[in-house]
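Following: one structure in structure tokens, then a few remarks.
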Amino acid sequence: MSAQTLIVADDHPLFRGALVQALRRILPDARVVEVDAFASLQQAVLEHPAADLVLLDLHMPGTQGFSSLLYLRNEHPELPVVVVSGHEEPAIMQRALDFGASGYIAKSASFDELTRALRHVIDGGVWAPPQLAAAPAADAQERELAQRIASLTPQQFKVFMMLADGRLNKQIAFELDVMEATVKAHVTAILRKLGLIRRTQAALLAQRLLQAENPSLDVPPAEPGEDEE
């Protein structure tokens, strides 16, 4: 294999160090960049635009749930991301893959499994962990919704995640330095793309993405007369 550039994003020094050591055994010529927070991950991706792979823990300072994965898939769709997490629930693993991860590796995985997974992803494949093979089939509608979320444009995704905080259009417009009409257009496009009716439904769905422990994307129907502002 030719030399690779790998970004390891994990805020636990001991595990990150062990993972880096394993990577050096698997890919001895690789350049490994270590980050321990979402802000430093963003900077590392900008400083290494030709990086070959990000190994991402879902829990780091500055990020919640699947937000960091979705950020990378929206802002840097050409960059493969493998989630390396302590969560071993099949539903969470499947959700990460639905959101565009190129693989999911449990932190309890053996060195051999890590080696197979990394080589498979670097060769252009998608690594599904063995635990998924025996898991019940995921809900088809939720998988489709997850893929729709992953298809949002970078600007739409920013607006979508701001809805999770209950921000008004004028507040979002101020933060993004755009016209309020632009935000309204983005909200309309988000609702259409996700098959939703009310912005309150979109806000609830965005909140779900911040809870990796609860991968459900089930959104209750809109109540009559809900405010669409």
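At-a-glance table
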{"read-out": "Test: residue in the range 151-169 that is assigned to a helix (DSSP H, G or I), assigned by TED's automatic domain parsing to the domain that holds residue 85, buried (at least 17 other Cβ atoms within 10 Å of the Cβ) and touching a residue at least 60 places away in the same chain (Cβ under 8 Å)", "value": "no"}
{"read-out": "Positions within the range 87-146 being farther than 19 Å from residue 211 by Cβ, in a loop (DSSP other than H, G, I, E, B) and aliphatic (A, V, I, L, M), in sequence order", "value": "109, 126, 128, 133, 134, 135, 137"}
{"read-out": "Residue satisfying condition, being small (Gly, Ala, Ser), free of Cβ contacts under 8 Å to residues at least 40 places away in the same chain and surrounded by 17 or more Cβ atoms within 10 Å (Cβ to Cβ), within set 40, 67", "value": "40"}
{"read-out": "Selection within the range 72-81 - touching a Ser or Thr at 6+ places or on another chain (Cβ under 9 Å) and either touching a residue at least 60 places away in the same chain (Cβ under 8 Å) or under 21 Å from residue 211 (Cβ atoms) (or both)", "value": "74, 81"}
{"read-out": "Search result, residues across the range 76-95 that are of a type in the set (D, E, K, R) and either in the same structural domain as residue 204 (by TED's automatic domain parsing) or at pLDDT 90 or above (or both)", "value": "78"}
{"read-out": "Conditions (1) within 21 Å of residue 101 (Cα to Cα); (2) in contact (Cβ under 8 Å) with a residue 24 or more places away in the chain; (3) exposed (fewer than 15 other Cβ atoms within 10 Å of the Cβ); number of the one not met by residue 23", "value": "(3)"}
{"read-out": "Given (1) farther than 28 Å from residue 148 by Cβ; (2) charged (D, E, K, R); (3) modelled with pLDDT under 95, number of the condition residue 98 does not satisfy", "value": "(1)"}
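Conditions tested, residue by residue: (1) in a loop (DSSP other than H, G, I, E, B); (2) acidic (Asp, Glu); (3) assigned by TED's automatic domain parsing to the domain that holds residue 109; (4) at pLDDT 90 or above.
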{"residue": "23", "(1), (2), (3), (4)": "no, no, yes, yes"}
{"residue": "29", "(1), (2), (3), (4)": "yes, yes, yes, yes"}
{"residue": "32", "(1), (2), (3), (4)": "no, no, yes, yes"}
{"residue": "42", "(1), (2), (3), (4)": "no, no, yes, yes"}
{"residue": "49", "(1), (2), (3), (4)": "yes, no, yes, yes"}
{"residue": "54", "(1), (2), (3), (4)": "no, no, yes, yes"}
{"residue": "62", "(1), (2), (3), (4)": "yes, no, yes, no"}
{"residue": "65", "(1), (2), (3), (4)": "yes, no, yes, no"}
{"residue": "69", "(1), (2), (3), (4)": "no, no, yes, yes"}
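The values are calculated or read from the model by the stated rules, or taken from the named source; none is laboratory data. This one's a predicted model, so the numbers in the text were calculated from it and none came from an experiment. No Cβ is skipped: glycine too gets one built from the backbone with ideal geometry, and neighbour counts run over all protein chains shown.
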